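Since every read-out is calculated from the coordinates, none of them should be taken as a lab result. None of these values were measured; they are calculated from a predicted model. Here the Cβ positions follow ideal geometry from the backbone for every residue, glycine too, while neighbour counts run over all protein chains shown.
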Amino acid sequence: MPGFVDAVRFLRASTRVVALTGAGISTGSGIPDFRSRGGIWTRFDPSEFAYARFLDDPVAFWTLRAALMAELDLASKRPNAAHEALVRLESAGKLRGVVTQNIDGLHSLVGHSRDRVIELHGSADQVRCVPCDVFYPFSVARAHLATGTVPPPCPGCAGPMKPGTVLFGEPLPILELSRATALARSCDVLLVAGSSLEVYPAAGLPQVARDAGAAVIIANASTTPFDVEADAVVRGDLSHVLPRLVEAALAPAPP
Ligand code: NAD
């Protein structure tokens with residue numbers, strides 16, 4: 001299977017890279033993914049975090065969600081060398097955008113230019129009032145959660161607020177999904193980094209890019225369902241692999 005050298009060749013020739021990232025790009029920052037050993041789903045039942053669970057029993061939903069978010073402590077986490085490598089690709093004029101499934105905000109913290117990052121599944125830094133359909137900073141909910149007032153009430157209508165992230169069973173935000181799809185259609189390389197490609201519709205973007213003529217590179221620690229179709233597959237820890245890939249792609253061409 002084509003690997004590192006082929007991935008470098010595609011990146012070197014590219015002028016329109018789009019990165020599609022998942023939880024695996026942030027494990028190097030100390031945030032567990034869903035499915036690996038020690039991942040979130042080995043300790044929590046995914047159905048407890050679904051939209052249907054929020055609607056059925058918002059108190060039970062928020063109690064567990066607050067426990068998970070306290071354990072993850074995302075506010076203390078910082079971007080790692082893999083996030084930084086994508087900024088280098090942008091500074092070199094090669095990166096069109098980052099489409100992320102992550103809710104940790106690390107791509108937005110690391111220094112990409114404005115509007116370059118699309119958070120397909122929203123941000124853990126926000127909450128959303130369900131009746132008003134308005135987003136608020138998470139800080140609006142924090143005091144309520146600390147005193148066990150769940151679901152946290154909307155400052156506008158006092159109705160129930162949910163996390164600002166997309167829960168299982170909830171549709172993706174239309175604007176972000178259409179921007180991500182347009183990026184996948186217009187890139188010349190789709191670099192998938194740290195996604196198991198199990199969660200749709202994000203997992204469908206490699207096929208969209210492929211159908212539009214782009215090369216697809218998969219960089220991941222374990223296999224994904226798209227590996228057999230990919231133009232290059234690079235295995236390893238992204239905090240080492242991505243900086244090496246980007247460095248090699250940006251190095252002056254040999255004479
Ligand atoms: P996933 O857990 O399904 O897959 C992560 C993939 O990354 C796995 O295939 C794993 O082998 C790989 N991986 C883990 N650490 C790696 C490393 N250091 N180097 C290389 N590869 C590594 O995650 P996903 O595909 O992103 O699933 C999508 C869902 O996970 C999304 O809904 C997302 O919101 C959610 N999620 C996000 C975060 C976050 O924001 N950091 C954390 C956990 C889950």
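The table below lists the values:
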read-out	value
Cα Rg over Rh - the chain, Kirkwood	0.99
Contour minus Cα-Cα distance for E170 and A50 (0.36 nm per residue)	42.4 nm
Nearest-ten-degree value, helix 4-13 long axis tilted from longest Cα axis of the chain	90 degrees
Cα long-axis angle, helix 58-72 against the chain (0 to 90 degrees, to the nearest 10)	50 degrees
Separation of the E229 and E84 label points, Cα + 7 Å toward Cβ, nm	3.5 nm
Kirkwood hydrodynamic radius over Cα pairs of the stretch 14-76, then Stokes diffusion coefficient at 10 °C and 1.306 mPa s, in µm²/s	117 µm²/s
Diffusion constant of the stretch 178-227 at 37 °C, which comes from Stokes-Einstein with the Kirkwood Cα-pair radius and 0.692 mPa s, µm²/s	304 µm²/s
Degrees between helix 238-250 axis and first principal axis of the chain (Cα, 0 to 90, nearest 10)	40 degrees
Approximate spin-label separation A248-D115, in nm, with each point projected 7 Å along Cα-to-Cβ	3.5 nm
Per-residue ³J(HN,Hα) for the stretch 192-202, Karplus 6.51 cos²θ - 1.76 cosθ + 1.60, θ = phi - 60°, Hz, x for Gly and Pro	8, 10, x, 10, 6, 6, 9, 9, 8, x, 4
The chain: most fluctuating residue of L11, L74, L64 per GNM, C-alpha cutoff 10 Å	L64
The stretch 16-33-the stretch 176-216 distance, computed between alpha-carbon centres (Å)	15 Å
More than 22 angstrom apart: percent of Cα pairs within the stretch 143-235	45 percent
Estimated inter-spin distance, T63 and A13, nm [label 7 Å along Cα→Cβ]	5.8 nm
